[in-house]
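Structure first, then comments.
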């Protein structure tokens, strides 16, 4: 049985994370680990205070117990509670993900974000670096629309190994949730040349060439999807981040790979995936580099090969 970890605290953003985690866990019949890190270090120190630690631990236990009551569709026998003495919640969730062999870690967005927008706080931001599994960040206010079915899942695709990994995960989610998949490609020339150096007709020809290449890549990706996944291609032209942000308004979930360089199993938050984590209108799942067959364990599907 697969495992989903939901990081919680005393804020309303935890209810958003619980609402999303509840939906995925119900569909996947996964075990849910509700986790809270309380700010205390067990490293020997003159400042150690056993009574203070006990008080923090008791508060953390109350927090996870309350969060578990919000898991309406996950039976108690499939839920575990974990409280961890660790000043860094991100570090605590990393360690727990390794220990539990988790398929997904879910956190809510920071309370300073606009309603309906994803804006990772310090925990979400740091969690994206070095995670051993996929990470979901859920927008503020998601709990208020959590009963709406997940019918449309988008995946950003550019043919890189990271994008292929994201596609594998998105396909597993689409099949497990009985949702339609959008394989989204962006045709842009901004990284290829400076428009001022080309005549208008040359730039137009280059754009057409790029669009044709993107469409061919999208078609091949959809053709390589496993049976049972209903998918269509969506080709957009322009700057990737704002286009994907706009598209996310029409999606119930967006899946992305990390940028194609940087440390193994890390997300370069300054890239497109990082920008989308801050601006998407729907939950965003980011797959760090090096995670093999991400999310497929949730629905116990075999590893697939993407064209």
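Taken together, the values in this text are just the output of simple stated rules run on the coordinates, not laboratory data. From a predicted model like this one, the values you see are computed outputs, not experimental measurements. Methodologically, a virtual Cβ is constructed for each residue, glycine included, from the backbone with ideal geometry; neighbour enumeration extends over all protein chains shown.
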What ranking do 109, 11 get, fewest neighbouring Cβ atoms within 10 angstrom at the top? 11, 109
Spin-label pair residue 209/residue 223, simplified geometry with 7 Å Cα→Cβ offset, distance in nm: 2.3
With r defined as the distance between the Cβ atoms of residue 235 and residue 151 and R0 fixed at 22 Å, what FRET efficiency is calculated, to the nearest 0.05? 0.55
I need 128, 177, 56 ordered by Cβ neighbour count within 10 Å, fewest first. 56, 177, 128
Under the rule a/c < 1.5 gives rounded, and otherwise a/b versus b/c splits prolate from oblate, where does the range 1-148 land using the Cα gyration tensor? prolate
Residue 12-residue 43 pseudo-label distance in nm [points 7 Å out on the Cα-to-Cβ vector]: 3.7
Counting only DSSP beta bridges with both partners in the range 1-148, the antiparallel fraction in percent, to the nearest 5, comes to 0
Using a basic spin-label model with each label point 7 Å from the Cα along Cα→Cβ, how many nm lie between residue 53 and residue 81? 2.0
Ranked on Cβ counts within 10 Å of their own Cβ, fewest leading, 6, 184 go 184, 6
